[in-house]
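Below: one structure, written as structure tokens.
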Amino acid sequence: MNVQQAYNAWSGSYDTVENKTRDLEARAIRAMVPGARVANALELGCGTGKNTEWLAGVAQQLTAVDFSADMMQQAQQKLSLPHITFQQANIVEPWHFAADAAFNLVTCSLILEHIADLGHVFAEAQRVLRPGGLFYVGELHPYKQYTGSKARFDTGAGQVFELECYVHHLSDFTEAACQHGLRCQRLQEWFDADARGTPPRIVSFLFEKVG
């Protein structure tokens with residue numbers, strides 16, 4: 001089962017099972033992204049819509065993208081709004097769904113751990129952002145990955161499937177941004193139950209397009 005097939009299989013239970021990573025990242029994006037309305041936003045990894053509804057209140061026009069058709073279908077069923085456009089796409093390929101300098105905000109939630117090369121994603125984000133536009137990234141913290149934590153789900157009959165994941169260190173994100181014309185405005189770490197004496201679960205970044 002590849003990553004796309006795994007998320008298709010996970011789609012039916014994704015919203016209902018306990019998922020501390022999903023829920024904490026939802027807090028992170030709401031705290032990190034400015035609340036002021038923007039004209040156009042692009043959501044990468046919309047999944048079942050855990051952040052899509054909130055982003056639909058931030059953006060006048062929202063393009064929501066996901067690799068998994070079944071995950072995205074869950075979001076579409078919940079959010080039949082005229083200013084949301086859903087697109088199935090693989091973001092490691094050219095972003096044909098996004099024109100140059102079209103967006104004020106791009107968000108990327110819990111998908112980069114499945115992508116080996118961050119460079120392409122950061123290059124495309126820079127391309128589609130307007131000058132001064134913001135790129136939010138929220139991911140499982142590498143500290144959690146160092147201990148073996150990764151995306152996994154119960155496939156039924158007590159079987160747990162672990163998805164293919166790559167470890168990206170904090171400097172990998174900041175270097176990819178620097179190399180592609182993005183400046184880090186904020187870096188924030190997020191802890192289970194706000195217990196700062198434990199390893200952080202989520203890391204979030206807010207980058208700005210330079211020039």
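The values are calculated or read from the model by the stated rules, or taken from the named source; none is laboratory data. Just so we're clear, the structure is a prediction, and the values are computed from it rather than from any experiment. Reconstructed Cβ throughout: ideal geometry from the backbone, glycine too, with neighbour counts over all protein chains shown. Accessible surface areas use protein heavy atoms only, side chains included; no ligands, DNA or RNA. Shrake-Rupley method; radii C 1.70, N 1.55, O 1.52, S 1.80 Å.
Between PHE191 and HIS169, the FRET efficiency from the beta-carbon distance, with R0 = 25 Å, is close to 0.85. Against the empirical 2.2 N^0.38 Å (N residues), the chain has a Cα radius of gyration ratio of 0.96.
Taking the inverse of the mean reciprocal distance over all distinct Cα pairs, the Kirkwood hydrodynamic radius of the range 44-130 comes to 13.2 Å.
Under the simplified labelling scheme, the CYS184-GLN87 pair shows an inter-label distance of 2.8 nm, with each label point 7 Å from Cα along Cα→Cβ.
The stretch between GLU18 and TYR146 holds 43.9 nm of extra length on full extension. This uses 0.36 nm per residue minus the Cα-Cα distance.
The sum of -39500 (n - 2.57) across all DSSP H runs of n ≥ 4, divided by the residue count of the chain, sets its helix-only mean residue ellipticity at 222 nm to -8500 deg cm²/dmol. Quantify, in whole percent, the carbon and sulfur part of the accessible surface of the chain (1.4 Å probe; protein heavy atoms only). Looking at the chain in its full context, I get 48 percent from C and S.
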